Amino acid sequence: MRLLNNIAVFITLAVSYNLINGVCGQLHLGPNAFIALGAYTAALLTLPPAEKVANFLITPLFWPLSQITLPFPLALLAGGLVAAACGFLTGFPVFRVRGDYLAIVTLGFGEVVRVLANNLQGLTNGPLGLKGLYPYTNLWWSWGVAVATVACITALVNSGYGRALKAIREDETAARAMGLNAFRHLLLAYILSAFFFGVGGGLLAHLITTISPSLFTFFLTFNLLIIIVVGGLGSTTGAVLAAILFTAAGEWLRVVEEPQVLLGLHIPGIPGMRMVIFSLLLLLVIIYCRRGLLGSREFSWGSLNRFCRRLLKYDAS
């Protein structure tokens, strides 16, 4: 159950990240900031006042957050809206630059949010974090949000707006010459992805039931970047498939760190071997599938039908 919930949350985060990096072609390295904003917002709004007092031992929580308690759906929505609002505010300076400069700006924003979370004792409880969150995130919530995210972003990508984003990705100068407002299109995509990052952060917080600034480092962004590159930049289907494989493999490979008896030989468990094998598998994927597992291809019922027909023909022959 825990693994299935993790997979659903990472599907939400990966598909949202793929919208900016894959569909828009902009190297965005700050999703950990929006995930943190959504997680802290949802956590602070669902904690009852007694739990807030128990958490904030050094510096009391600011009023009125110290007294407000909202139902989980409203807190989740609030987390997404706070992240989207920050996306709107940061989008103006972010999209004044492109390429490596954009990556540096968004990376810096992610670090700023993490440092603020570590130092704003009266709002985030600093390095102590927030504990005692109720585990609201179940299969209904995690997979419901994942399906809604995939459906929303798929509809967006297949619309005229999505084709405009792809045109900006391929040649922004040509897109501008055709009358597209690149800044407005990219800003709206940035805000939408920030909203889903915030919702995913709220789900993550209520899945692990405790959060701290150390959870939202660049390592989280790096994991999402691995997922969308392995799945295929620009492919929503690839992001979903890679999120499933990435999350499941991280758990299934734990067996290699346990003591084994192989051909009569006792092999002691080696801590960290799981990540070594995982890294080798990633290297193989990158070497032999340079555009990812699916490249830019997407799932469709027509392609599935054609695949089944070819499979039946092969069996008949």
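Looking at the range 132-142, is at least one residue part of a loop (DSSP other than H, G, I, E, B), closer than 25 Å to LEU4 by Cβ and at pLDDT below 90? Even if it seems obvious, please write down each step before you answer.
Our first condition is that a residue be part of a loop (DSSP other than H, G, I, E, B); within the range 132-142, this holds for 132-138.
In the following step, the residues that additionally are closer than 25 Å to LEU4 by Cβ were identified as 132-138.
Checking the rest, the ones that are also at pLDDT below 90 come to 132.
Yes, because at least one residue in the range 132-142 is part of a loop (DSSP other than H, G, I, E, B), closer than 25 Å to LEU4 by Cβ and at pLDDT below 90.
In the range 208-227, which residues are under 10 Å from the mean Cα position of the chain (by Cα), surrounded by 21 or more Cβ atoms within 10 Å (Cβ to Cβ) and more than 25 Å from MET1 (Cβ to Cβ)?
THR221
Which residues, counting only those in the range 151-172, are in contact with a helix residue (DSSP H, G or I) (Cβ under 9 Å, 6 or more places away or on another chain) and among the hydroxyl-bearing types (Ser, Thr, Tyr)?
Listed by number, the residues that qualify are THR154, TYR161.
What is the residue count in the range 232-249 for residues that are buried (at least 22 other Cβ atoms within 10 Å of the Cβ) and out of contact with any helix residue (DSSP H, G or I) (no Cβ under 6 Å at 6 or more places or on another chain)?
So the count comes out to 1.
What's the number of the condition ARG291 fails, among (1) at pLDDT 80 or above; (2) in a helix (DSSP H, G or I)?
It fails just one condition, (2).
Any residue in the range 153-160 that is surrounded by fewer than 16 Cβ atoms within 10 Å (Cβ to Cβ) and within 24 Å of LEU81 (Cβ to Cβ)?
Step one: list which residues in the range 153-160 are surrounded by fewer than 16 Cβ atoms within 10 Å (Cβ to Cβ), which gives 155, 158-160.
Now restrict to residues that are within 24 Å of LEU81 (Cβ to Cβ): 155, 159.
Among the residues of the range 153-160, at least one is surrounded by fewer than 16 Cβ atoms within 10 Å (Cβ to Cβ) and within 24 Å of LEU81 (Cβ to Cβ), which makes the answer yes.
So, in the range 52-91, how many residues would count as being exposed (fewer than 14 other Cβ atoms within 10 Å of the Cβ), β-branched (Val, Ile, Thr) and within 26 Å of the chain's Cα centre (by Cα)?
Number of matching residues: 0.
Exactly one of (1) closer than 25 Å to ASN55 by Cβ; (2) surrounded by 13 or more Cβ atoms within 10 Å (Cβ to Cβ); (3) without any contact (Cβ under 8 Å) to a residue 12 or more places away in the chain is unmet by ALA148. Its number?
Failing condition for ALA148: (1).
Looking at the range 74-95, I want the residues that are closer than 14 Å to ILE20 by Cβ and have a partner that is surrounded by fewer than 18 Cβ atoms within 10 Å (Cβ to Cβ) and aromatic (Phe, Trp, Tyr) with Cβ atoms under 8 Å, at least 6 apart or on another chain. Which pairs are those?
PHE95/PHE183
So how many residues does the range 8-51 have that are surrounded by fewer than 21 Cβ atoms within 10 Å (Cβ to Cβ) and in a helix (DSSP H, G or I)?
Going residue by residue through the range 8-51, those that are surrounded by fewer than 21 Cβ atoms within 10 Å (Cβ to Cβ) are 25, 27, 48-51.
Keeping just the survivors that are in a helix (DSSP H, G or I) gives 49-51.
Count: 3.
The values are calculated or read from the model by the stated rules, or taken from the named source; none is laboratory data. As the structure is a prediction and not an experimental result, all values here were calculated from the model. Note: ideal-geometry Cβ built from the backbone for every residue, glycine included; neighbour counts use all protein chains shown.
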